[in-house]
Structure formats: C-alpha cells, structure tokens
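Have a look at the structure below before the remarks.
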Amino acid sequence: MNAYLVLTIALPLLGAFLLPILMRSSIAIALWSGPAILIYGCWTIADIWLQGSTQPISIAIGGFAPPLGINLYIDSLALLFAFAVQLLGLIFWPFTLDQDSARRQSLMLLLVAASTGLALSGDLFNLYVFYELAAVATFGLASASGSSAAYVATLRYLILSGIGSVLTLFGIALIYSKTGTLNLAHLAQLAPAQLNDELGLTAFLSILIGIGVKAELFPVNTWVPEIYATASTRLSAFLAGLLSKLALLIILRLLLLIFHQPEAAQVLLILGILGVVSGELAAWRAKELRRMLAFSSIGQLGVMFIAMALPDGAGVLAVLALAIHHLIIKSGLFMLAEDWGGAIQRLRGSAKMAPLGAALFVLFSLSLVGMPPLPGFWAKFTLITELAGQSEPLYLIGLAVFLLATVIEASYLFRVAAILYQDAPRETLDHEIPKNEGLSLVTATLFGAGLIAAAVMIAPVGDSLNTIAVQVQDIDLYISTVNPGGSQ
Amino acid sequence: MILTLLDELLLFSGVTLLVALTIGRGLAAGWMVTILYGGQLLALTKMAALGYEGGTIASSLSFEVMGQMLNWRFDALSWFFALITLGSALLSSWFSCGAWERDYIKQGGNIWLFHTAMALNVFTMLILLASGDLLSLFIGWELVSWAGFLLMALAGGVATKAAMRYITYAMAGGMAVFGGLALVYSASGSLQLEAVITAVEQISTTKLWLLVILFGGGFGIKMGLLPFHLWQAPAYAETPGPGSAFLGAISSRMGLFAILLVLVKLFGIVNIDNLKVPFTLIDARDLLAWLAVLTIILPTFTAMKQNDARHLLAWHGIGQGGYMLLGIVVADAMGGAGGLLHVFNHATYQAALFMAVTAVIYRTGTSDLNKLGGLVVRMPLSFMVLLIGIIGLAGLPPMNGFVSKWLVYRSLLNQGMPLLFLAAVIGTLGTILSVYKLIHNIFLGQLRVEHEHVAEAPWSMMIPMLILSAIIFITGLMPGIPLEWIASVLQTVGLPVPQYTLGGVESNSGSLDMIWVIGVLFAGFGIGAVIFYSAGRSKRVHQLDNYAGGHFLSADVRYQYSDNFYAGLMHLIGGWYRGSFLWLERSITSMIEFLSLGMQGLYRRANAEFYLLSTALFVIAWAVI
C-alpha cells in the first residue's frame, strides 16, 4: 500500500519525459495528464495521512535493504512536505495552451518529481541527485519567460548553483571517504564516532553552503532578487515558497541526524543573522514589489536559520512553524504580485479596483509581521521564547536583530499597503491601474483562506506541528525504522 | 455554558463591530452604533461592583495554544479604564451622528470605514483591558495598535503619512514588549501573572533593568513618552474629528494601563526603586519621573507654537500624559490617586476640546488659528465648552483638571521632590499660555467677514459636548465620585490609597475640598455680577460700528492679531526649540536608508560566485583551524 508512495516521484518523472511526445499526438491528453498525475499524488499522500499511521516507515527501493540499497524515509514531516510539493505543483501549474507550454509543463513535472524526492529520500546520494534534477528544472523554467533579463538572471543562478553543487558533492565525498556509507540512518549511527571532528564539520559546511544556494542562505543568495523579479511569478512563488524550504529541510535533517557540533550551529546562527539584516534592509528600499518580496524572503529564511541554530533541536518546532507559515504567505504574496509588477508607486488606487487583492495583501502582511492572533505570531512566539532561554549572548543578539528586522519589515510592507489604498493620481484612467484578477487572485484567496483557517484552528495545528517536531528529533526512531544492516 | 458579565460585555462589543461592518453604510448606522455603545456602557455598569469593591470577574473564554494558557478577566483597573473608553466612545460616536456624518460623506469620506474603525478600536481596547496574563496582554496590545492604525490612516493623504509613522513606532514598541515577554518567559517558565510576580523576586538586577527598559519603552511609545513622542500629535490631529476626540481621550492611556499592570503591579515600584543607574545618584524610578516631567514640558511648549487647533490639542495630549505617569511613579497615596484621576479628567476635557474644535471646523471649514477669530458671538455654546475644556486642561479651579494636578503637585512636595515640582509647574505655565492662544484665536477678537453668517453647531454635536462639560464641572466639584473608583484601582495594583471625601481628599499634610473652593469662587463671581448688573444697561454695537486709536474700523482693518502670537515670548525662548528629536528621527531614518542602499549594492553585484567561493573557503578554513 505504502509502496504506492514511490509513484509520487516516478509518475511525474515519467510524465515529464513523455509529455513532449504526447503533445504531438493529442494536445488534450497532454494537457490533462500533468494535473491528473499531481492529483493522484495528492490523493496517495492524503490517503496515507488519513490512515492515521503516525509511525515513520522506510521503503527500500529495488529490494536491496539499506545501507546497500537506497531507501525512502517517510515520516510525518516528509509526508507533509511531499504533500505540499504535489499540491503547490498543482496550484502553480502553468495552464496555458500554446506549444511553448509543453516544455514548461514537462519541466514543472520534473521539478515536482525532484522536489518530492528531496522530501522523501533517505540517503545523501539520492538527495544530491534530486537536488540536481530540481536545479535543472528550475533553470529551464526561470529562463522560459524569454526576456533577456531572465536569461542573464538564469545564467547567474546557473553558475552559482553549479558551484554550489560541486561544493555539496565535495562534502558528500568527504563523508563517504570517512564512513563508507551515504545512508542517513547509517550515518546517524556512525556520526558520533566518526564525524565528530574537523572533517565532519568541513563536510557539513560544504554541504551547507552548497545547498544554501537554494535555501537562500547568506551570502550565496545573490541570485534571488534577480530570478524572482524576472521569472514568472508562479515559478517565483514555487521557489520562494517551497523549494527553499526543501533545501532547508535537508539541512535540518543533516543537522539533527549527523552533525551535532556546536560550531555548526554557530555558523548557521551568524549566517542567519546576516541574512536577516541584509534581506530586510535591502527590502526597505526596494522600488518594485517582486524584488521587495524576494528580499523579504531572504530575511525570513535567515530567521529560519537562526531558529535552526538552536542547540539540541530546540528550534525544530519554530523552524517548522516558520517554514510552513512562510510557504503560505509568500506563495500568496507572489500570486498577488503577478498583476502588480513594476514600480510600487504605480499601484496607487489599486485597492479601489481590486479590493479583495488589497485586503489579502494586508492580511498576509499582518501575519508576516506577526500580528496576533494570526499564525505568524505563534510561529514567532515559539522562536523568541526559545531564543530568550539561551544563555549564549549570540542568541540574544539574534533575538534583538530579529525583533528590529520585524519593525523594518512592518514599515516597508505597510508603505505598500498605504500606496494601495491611496487615491489614484487624477489623470490616471481606470484601466491603467493594475488590478489583480482571474487565476492569480483565486490562488491568492485560497492561500488567504488557508491562513485564516489556520488562525482559527491554531490549537490543533500547533499540537500536530509539535508532534511532527518531536518525531523529527527522535534519532533513535529514525535509525530503528530504517534498520541499516538488517538484523544487526 | 453560563455567560459571565464580562462575556456579555465582550459579546456586546463584538456585536457592535459586526453591526458597524454589515450596516455601516446605512443612514441610521451611526445612531445604531451609538446606541450599542450605550448598551456596552450599561453592561459595564452591571460590573460596577469591580469599581467600588474590587475583586475580579473572569471571562469563560480561555484557550490553550502551544502550551500557553490564555485567559481574560476584569478587575478594578480594567473597569476604570473601560469606563473611560466606553464613555468617550459613546460621546464621540454620538457627536459623529447626523450633521457631521452627512458633511463627512459629502466631502468624500468613507463613513462605513469610520464607524467600523471606531467599533474595532473599542472592541480591541476592551480585549486589552481584560487581559489575564502577559500573553493575552501582548495580543490585546498588538490588536489595539493595528486598530488605531486603521482609524488614523482612514482619512488618507497627510493622515496616512502620520499613521505610517505611528505604525513604525508602534511596531518598535510592540517588538520591545515581545522581547521583554520572551525574557520574562525564560525567567519564569510561564506568562501567568502569579508566576511572573514570584519570578521577579529572583530575577537578577541586570535582567530587571533590561525588562524595565523594554516594557517601559514599549508601553511608553504608545503614551508618547519622550523621546518616542513625535508620532502622536500629527496622527491624532489628522484623524477625522470625532475619531481624534476618541483617540485623544483614551488611546494613549492604554500605554499607561499596561505600565500600571506590568511595571507597578507585577514588578512592583519598590523593585524598580532598587535599580540604580551606575555612577549616578539616581535610580530607574527617578529616571521614569524625569522622563515624565520632560514629557510634560517639551510637548507643551511645542503645542504653543502650533497654528492648527487640532495639532495644538494633540501636543497637549502628550504633555498631559506626563502628569499621569509622574503621579504614578511618585507612587504615594496622593500621587497615585492624582495620576489616575488625571486619566479620567483628561479624557473628559480633551474629548470636549476636540469636539469643540471639530464643531468650529464643521461650521467654518478650517482649524487654522490664523484664519479664525471672534466666533464667540456666533457660536457662544461652543465657546463655553471650549472655555470649560481649557480651564480643565490648564488645571485651574473650578474644573476637574485642577484636582488631579493639585494631587500630583501635593505628592511631589510631600515626598520632597522640589525640582520635579518646579518642572511640573513650568509645564502648567506653558499649558496656560497655549490654551489662551487657542481660545483667543478662535473665539475672541474680530469676527472675520467670511464668518459673518456662521451659526452655532447643530444639536447632534452640541449635546455630547454639553454632557462632557457637565462632567468636567461636576467631577471638579465632587472629585469624590471618581476617587472612589480610583481607590479600588490603587488597591488592585498595590499602591497606597488616600483618604477621600466627596469634595476631595483629607490628609495631614494638606486637604482639599473642592465644594468649599468652588463655593468661594462662585461667591466671588456673584459679587462681580452684582457690580456688573448694578452699573446699568450696556449698549451692544456691531464690531465695525466702533473705533480704535482714533480711527473708525472697517472690515479690511485687522485689529486682532493672531499671526506670530506670543512674539515677545518667542523672542526669549525661541532659541530653545531645536527640533533635536526630529533630527534624531531623521538621522535614524537616513542611517537605515544608507544601510539599505549598501545591502542592495551587495545583492546587485554580479560576481556572486566570488561570494560563494570565498565564504566556502573562509568557513572551511575556520573549521579546520
């Protein structure tokens, strides 16, 4: 039964390669096969969820038991993110009819397959493969808009991502040379004895910086503003909302399972603080909504890195809450930005033309700056109570920076809100005012509804996140579930 | 589930908000909402036992989220502030109904948004006042901040700019409180009030200092405490008339409420007194007292320079907040009572003053003090209201402001703080001078030609103003009425309670009985009236049927000067206005601007790979070494 889960990776992968061929014979089939695959994926995962089994499981691929064979590790966290991938893939599906869309659709399927793989993989090698696959898909998608600015941005992203991959591979190679295995569970067993030294730390830092390119880690995130400002908003939403979180998830897993060195946490903390400072400050002067959102996303990811740096997994709950919250908010905001491109000053009078869009913008902004009782507040609350409990002064600096950054964030987000609600300049005609409508507005409304639902049911949502966080922290459970080496 | 009295009140308030949201565009919406505020006030009076006897009434609403208990309850402190909130909401909303509302719509205002924002403000304030632990306090605090933003921003244009400035300040305050909250939580492991009280006893001095700064600063921003006062005057002044009456009356007092709850009740004034500023003779409490005194003096003298009546009043609102804090920080029986009584008194006269000014704007279309004058013959009742209001504001008998300021002065003298006393008196001097400017430039002197046919304000606006005037006088005559509530409040927050009578207070170091004071005052007025009326009939002439300096007056000759008012005084003290705080604010903004530019430059650079490789090299080198 649970083995069907493999299909959530395999089917999109298959679809991605078959779609261009199908397109030649029948456009109708090609058009519907993508969404159908994703709906099936959602259903499969939801089905497992509904069965109520909270115990993690490990699926060995091809009948070889780990650590020799490769395996998928499925716990609540992996399921949650795999579900998010399939669902967001569906939501951000490029529903267009032209010939060009075939390429875009197959790339999207490829991205979904790779992202699902990232969420579910149980060994480093597969993680690397899926990571590369996801990168390739994003290069294609980012340059698909065809403008020369998009090509330049993509090229920059390509180079950065490529070097990042090499670094990651270097880190993985170091680990393999030391331990002789790449299975995460096996590594978790061996790590306290073999990787608790400079070599292990070097390996972690290489992987961190390599994967950090996707997780918008400072200072390897310089591709972010350009790509988000030039690629299609749907892709930006997917990248900012989900892919960055998946990269974050990998780092979180590695940190919890393998690398317990305090230095690792310290680097994360410092880079996180720098990310918050640079992102939020840069966003303050941004003259374009999408660029502003990109910078704010860098800042938010920085906050998550700060949370991740908390010792002994104390920050796991905060990371999860912040990540899922940011996923919803940024996807929604990027959807609103789809029709609100260009200079922010151009948006004057938009609230009159699109009251729902403006209201959603205010709602998302309020939650992002953490106004109670919206979910963003609870996410931030879990973070700051953990930070304040640390005795290390660096954590308190992190706390102070985080609070100050929130003030700046509120200031720039509400400057936009104020512009939206201003009266349009007198000589402007109605149709000149950008208004959001159609699919993007519906999508944003969907995210807004999700946000409000989470605010209302904050107690059960908080409890289930807590359960997931506890399960993620349980290393012994991870090892015994995968049971590397069979009846060892 | 049985609803407690508090549940009823909150439910009532929620329904008011809902009504404003759904039928806010209808014609009778204003009246409907006003009646509902009346209903809330009635629900509050059902809880009057809190104000007279103390105790608490809990709400049956409580949550547990992520291991935190959230609960809400009312005690004497909440009840007292809720009374002022609902009273000013009722009267401001009443004021806004009918004539003002029609005029507002005609000028393109969105009346639905206005009523909704007012109802939202009241609702969130009640939630804040009902907070039963620090987490619900913070939730209420943020809700009130954002609701206030909505009310301040809705007029658009200048108002939105002021509101943006406000929200940046308010966020900074909110985040300071949030940080303080996290520190308290790490020290006590809980945010329930009892747990915090026990934890404070064990907390280290450095940490307590940090907490006092974070909470004092955070809550102080809402009060407009120096140096965080710049946002307040423009934000309140630019709100549509009745809104500024409401905000001026109560909004910034929410900061005082939170200070009373956290700094006085939870931390204890004694603990704060023990915090010494290193290398000086003063402690945290003196620091607060001096901040309060500076908050009295500087904004009051800034008010004197304003040429817009609304801005003048709003600047005074900041200054008067200083008296309240000063009284509470002195923390003896007289000071505490004086500070709290001033909260009540200030709400009454400030609302009346804003309403009177709004009535003038309604009739003349301007609040520019250089474009008005002589309106006393056209709007005599509004003049009366403004006169009563400014007597209250200046703290002169027979109005209520006198009593509260007297109590604060008395406590400063009793506690041997002559310098603070002197400073407070200088503040009062500035108040008297500037309120004279207000009444002179609007109502006295020469009536302008364009105001020849101005009529008295309509009754829908007049009645709330008269009610407020009556309250100002009655509580000035019989301060015992509010003092009875204040005694319960003082007991609740753990401050000493004065001996009060209907006419004032009794104490060994000096008693006050307003009934006697006012009796003597009115006897004096009586003698004056006898002399005036025994002198025979006077003849009334038109203002232009007159002469001055040997010349006949005509409409084009101005014989009342309002421009450059107090030129002589400004010649003396003008050099003291440096705008230092404005300079400070601007320099912080430009610093952020500069840093922001730098950060954008960082991201705009093309050689991203260079960052990556150098970072990788750096961290790996760091790891290996």
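The values are calculated or read from the model by the stated rules, or taken from the named source; none is laboratory data. All of these numbers come straight from a predicted model, not from anything done at the bench. Positions of Cβ are generated from backbone atoms using ideal geometry, with glycine treated the same way; all protein chains shown enter the neighbour counts.
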remark   = Sole miss for B:Gly445 among (1) within 30 Å of B:Trp100 (Cβ to Cβ); (2) surrounded by fewer than 20 Cβ atoms within 10 Å (Cβ to Cβ); (3) modelled with pLDDT of 90 or more is condition (3)
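Which of the residues that make up the range A:179-197 are of a type in the set (Gly, Ala, Ser) and within 14 Å of A:Thr481 (Cβ to Cβ)?
A:Ala185, A:Ala188
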ask   = Quick one: which of B:Gly395, B:Gly401, B:Gly373 is crowded, with 19+ Cβ neighbours inside 10 Å, more than 25 Å from B:Thr239 (Cβ to Cβ) and in contact (Cβ under 8 Å) with a residue 60 or more places away in the chain?
value = B:Gly373
task = Might you let me know whether the range B:336-348 holds any residue that is under 28 Å from B:Trp79 (Cα atoms), more than 20 Å from the chain's Cα centre (by Cα) and not in a loop (DSSP other than H, G, I, E, B)?
result = no
remark   = Restricting the range B:132-157 to residues that are under 18 Å from B:Gly218 (Cα atoms) and free of Cβ contacts under 8 Å to residues at least 60 places away in the same chain, the one farthest from the other protein chains (Cβ to nearest Cβ) turns out to be B:Ala147
query = Can we say B:Leu422 is in contact (Cβ under 8 Å) with a residue 12 or more places away in the chain and assigned by TED's automatic domain parsing to the domain that holds B:Tyr349?
reply = no
ask   = Which of the residues belonging to the range B:160-198 are farther than 18 Å from B:Leu214 by Cβ, more than 9 Å from chain A (Cβ to nearest Cβ), buried (at least 21 other Cβ atoms within 10 Å of the Cβ) and out of contact with any Gly (no Cβ under 8 Å at 6 or more places or on another chain)?
value = B:Ala162
Filter result (touching a helix residue (DSSP H, G or I) at 6+ places or on another chain (Cβ under 9 Å) and either surrounded by fewer than 16 Cβ atoms within 10 Å (Cβ to Cβ) or assigned by TED's automatic domain parsing to the domain that holds A:Leu110 (or both)) within the range A:137-151 = A:Gly146, A:Ser147, A:Ala149, A:Tyr151
task = Scan A:Thr179, A:Thr168 and give me the residue that is under 20 Å from A:Tyr73 (Cβ atoms) and without any contact (Cβ under 8 Å) to a residue 24 or more places away in the chain.
result = A:Thr179
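Within the range A:442-463, which residues are within 14 Å of chain B (Cβ to nearest Cβ) and either in contact (Cβ under 8 Å) with a residue 40 or more places away in the chain or in contact with a Lys or Arg (Cβ under 8 Å, 6 or more places away or on another chain) (or both)?
A:Ala454, A:Ala455, A:Ile458, A:Val461, A:Gly462
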note = Taking the range A:370-403 and keeping residues in contact (Cβ under 8 Å) with a residue 40 or more places away in the chain, closer than 22 Å to A:Ile324 by Cβ and either more than 7 Å from chain B (Cβ to nearest Cβ) or hydrophobic (A, V, I, L, M, F, W, C) (or both) leaves A:Leu374, A:Pro375, A:Gly376, A:Trp378, A:Ala379, A:Lys380, A:Leu383, A:Glu386, A:Leu387, A:Gly398, A:Phe402
message = Looking at A:Ala240, A:Ala191, A:Ala185, A:Ala229, can you tell me which residue is small (Gly, Ala, Ser) and within 14 Å of chain B (Cβ to nearest Cβ)?
response = A:Ala229
From the options B:Gly132, B:Gly156, B:Gly98, B:Gly87, residue that is within 21 Å of the chain's Cα centre (by Cα) and not hydrophobic (A, V, I, L, M, F, W, C) = B:Gly87
ask   = Do any residues in the range B:47-69 that are hydroxyl-bearing (Ser, Thr, Tyr) have Cβ atoms under 9 Å from those of residues that are crowded, with 19+ Cβ neighbours inside 10 Å and modelled with pLDDT under 80, where the two are at least six apart or on different chains, and which pairs are they?
value = none
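Being over 26 Å from B:Gly109 (Cβ atoms), in a helix (DSSP H, G or I), among the β-branched types (Val, Ile, Thr) and free of Cβ contacts under 8 Å to residues at least 60 places away in the same chain narrows it down to one of B:Thr160, B:Thr198, so name that one.
B:Thr198
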note = Turns out the helices (runs of 4 or more DSSP H) fully within the range A:131-239 with at least 1 residues that are closer than 30 Å to B:Trp622 by Cα are A:148-179, A:184-194, A:198-212, A:224-230
query = From the list B:Asn508, B:Asn564, which one is assigned by TED's automatic domain parsing to the domain that holds B:Gly335, surrounded by fewer than 14 Cβ atoms within 10 Å (Cβ to Cβ) and part of a loop (DSSP other than H, G, I, E, B)?
reply = B:Asn508
query = Which number in (1) of a type outside the set (Ser, Thr, Tyr); (2) more than 13 Å from chain B (Cβ to nearest Cβ); (3) surrounded by fewer than 24 Cβ atoms within 10 Å (Cβ to Cβ) marks the one condition that A:Ile270 misses?
reply = (2)
task = Evaluate the following for B:Gly132: is it more than 15 Å from A:Ala410 (Cβ to Cβ) and modelled with pLDDT under 90?
result = yes
ask   = Quick check: anything in the range B:325-339 in contact (Cβ under 8 Å) with a residue 60 or more places away in the chain, assigned by TED's automatic domain parsing to the domain that holds B:Ile481 and either surrounded by fewer than 23 Cβ atoms within 10 Å (Cβ to Cβ) or of a type in the set (S, T, N, Q) (or both)?
value = yes
ask   = Quick one: is A:Thr222 within 11 Å of another protein chain (Cβ to nearest Cβ), among the hydroxyl-bearing types (Ser, Thr, Tyr) and farther than 30 Å from A:Gly146 by Cα?
value = no
key: Test for B:Ile250: is it farther than 30 Å from A:Ala314 by Cα, hydrophobic (A, V, I, L, M, F, W, C) and touching a residue at least 12 places away in the same chain (Cβ under 8 Å)   = yes
ask   = Hey, among A:Gln345, A:Gln390, which residue is surrounded by fewer than 22 Cβ atoms within 10 Å (Cβ to Cβ) and outside any loop (DSSP other than H, G, I, E, B)?
value = A:Gln345
ask   = So is A:Leu160 more than 14 Å from chain B (Cβ to nearest Cβ) and touching a residue at least 24 places away in the same chain (Cβ under 8 Å) or not?
value = no
ask   = Just one of the numbered conditions (1) in a helix (DSSP H, G or I); (2) facing chain B (nearest Cβ under 9 Å) is not true of A:Phe364; which one?
value = (2)
key: Which listed residue is surrounded by fewer than 23 Cβ atoms within 10 Å (Cβ to Cβ), more than 26 Å from the chain's Cα centre (by Cα) and hydrophobic (A, V, I, L, M, F, W, C), from B:Ile213, B:Ile203   = B:Ile203
message = If I filter the range B:571-588 for residues that are modelled with pLDDT of 85 or more, farther than 30 Å from B:Leu502 by Cβ and within 14 Å of another protein chain (Cβ to nearest Cβ), do I get at least one hit?
response = yes
